[in-house]
Amino acid sequence: MRRLMMLGAAGVLLIATDAVAAGQSKTIPGRTLTVTATVESIDFANREVVGKKPDGTYEEFYFPETFKRFDTLKIGDTINARYYENIVVRLKPAGEKDVDTASGETVRAAGTAGTVSRQRTITATITALDPSVPSVTFTGPNGWKYSTRVEDTAALAKVKVGDKVDLTWTEATILSLDEKK
């Protein structure tokens, strides 16, 4: 399932700074979502599908190359997805090398189901803080930019613009298809 890099859990993101010392980390509690959507459009070249959920909103799904039944999808098929994510934030010690790594795997199940997992770690720099909202803005590799509201205002007071953090997010999605008869 394709999502913004850190989805809603990032709302509690900043920053693991109740772990004050550089190099310490904090895991943002994970969450599980269940989504059912009817296929509205299929981008075969990019292996992306837009599905309409029962509430009328849309969800975008990504099917990796290893998901073998992608080419059998049709408009009107139903996608069922159970999605799990969590984030680990680590205040980076000064002078430590930046990281930008990604890994993933697909495990097929019987029929038209499988599990897609991805993990990515990047080094991001805090480029803006706004205690009045409260919010933080990060920038990272390849022009990545992300702003989020901060729930832990005490943590916000412990960081400054220019601080670096390593962000690791893990996603796992169980996908299944109910093919239109």
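The values are calculated or read from the model by the stated rules, or taken from the named source; none is laboratory data. Keep in mind the model is a prediction, meaning the values are calculated, not measured. Every residue, glycine among them, receives a Cβ derived from its backbone with ideal geometry; neighbour counts consider all protein chains shown.
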Inset, instruction - Might you let me know whether the range 143-154 holds any residue that is surrounded by 13 or more Cβ atoms within 10 Å (Cβ to Cβ), within 30 Å of ILE79 (Cβ to Cβ), at pLDDT below 90 and more than 20 Å from the chain's Cα centre (by Cα)? - result: no
Inset, instruction - Tell me, please, whether a residue that is surrounded by 13 or more Cβ atoms within 10 Å (Cβ to Cβ) and acidic (Asp, Glu) can be found in the range 127-136. - result: yes
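Would you call VAL165 assigned to a loop (DSSP other than H, G, I, E, B) and closer than 25 Å to ARG31 by Cα?
So VAL165 does not fit the description; no.
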Legend entry - Condition check for PHE63: of a type outside the set (S, T, N, Q), surrounded by 14 or more Cβ atoms within 10 Å (Cβ to Cβ) and within 20 Å of TRP169 (Cα to Cα): yes
Inset, instruction - Could you check, for the range 85-98, whether at least one of its residues is touching a residue at least 24 places away in the same chain (Cβ under 8 Å), more than 30 Å from VAL159 (Cα to Cα), of a type in the set (Lys, Arg) and out of contact with any helix residue (DSSP H, G or I) (no Cβ under 8 Å at 6 or more places or on another chain)? - result: no
Inset, instruction - Identify all residues within the range 72-87 that are at pLDDT 85 or above and within 30 Å of THR121 (Cα to Cα); write none if there are none. - result: ILE79, ASN80, ALA81, ARG82, TYR84, ASN86
Legend entry - Matching residues, the range 112-135, being modelled with pLDDT under 90 and either in contact with an Asp or Glu (Cβ under 7 Å, 6 or more places away or on another chain) or more than 23 Å from PHE63 (Cα to Cα) (or both): THR112, SER117, ARG118
Inset, instruction - Output the residues belonging to the range 117-155 that are of a type outside the set (S, T, N, Q), assigned to a strand (DSSP E or B) and farther than 15 Å from LEU91 by Cα. - result: ARG118, ARG120, ALA128, LEU129, ASP130, LYS145, TYR146, ARG149
Legend entry - Residues that are out of contact with any helix residue (DSSP H, G or I) (no Cβ under 9 Å at 6 or more places or on another chain) and of a type in the set (D, E, K, R), drawn from the range 149-181: LYS158, LYS160, ASP163, LYS164, ASP166, GLU171, ASP178, LYS180, LYS181
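Can you pull out the residues in the range 136-156 that are closer than 16 Å to ASP100 by Cα and in contact with a Ser or Thr (Cβ under 6 Å, 6 or more places away or on another chain)? Step through it out loud before you land on a result.
Initially, the range 136-156 is screened for residues closer than 16 Å to ASP100 by Cα, giving 138-146.
THR139, LYS145, listed by residue number.
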Legend entry - Unmet criterion (only one of (1) touching a residue at least 12 places away in the same chain (Cβ under 8 Å); (2) touching a strand residue (DSSP E or B) at 6+ places or on another chain (Cβ under 6 Å)) for THR137: (1)
Legend entry - Residue in the range 91-100 that is assigned to a strand (DSSP E or B), surrounded by fewer than 17 Cβ atoms within 10 Å (Cβ to Cβ) and not acidic (Asp, Glu) present: no
Legend entry - Filter result for ASP77 (exposed (fewer than 14 other Cβ atoms within 10 Å of the Cβ) and among the charged types (D, E, K, R)): no
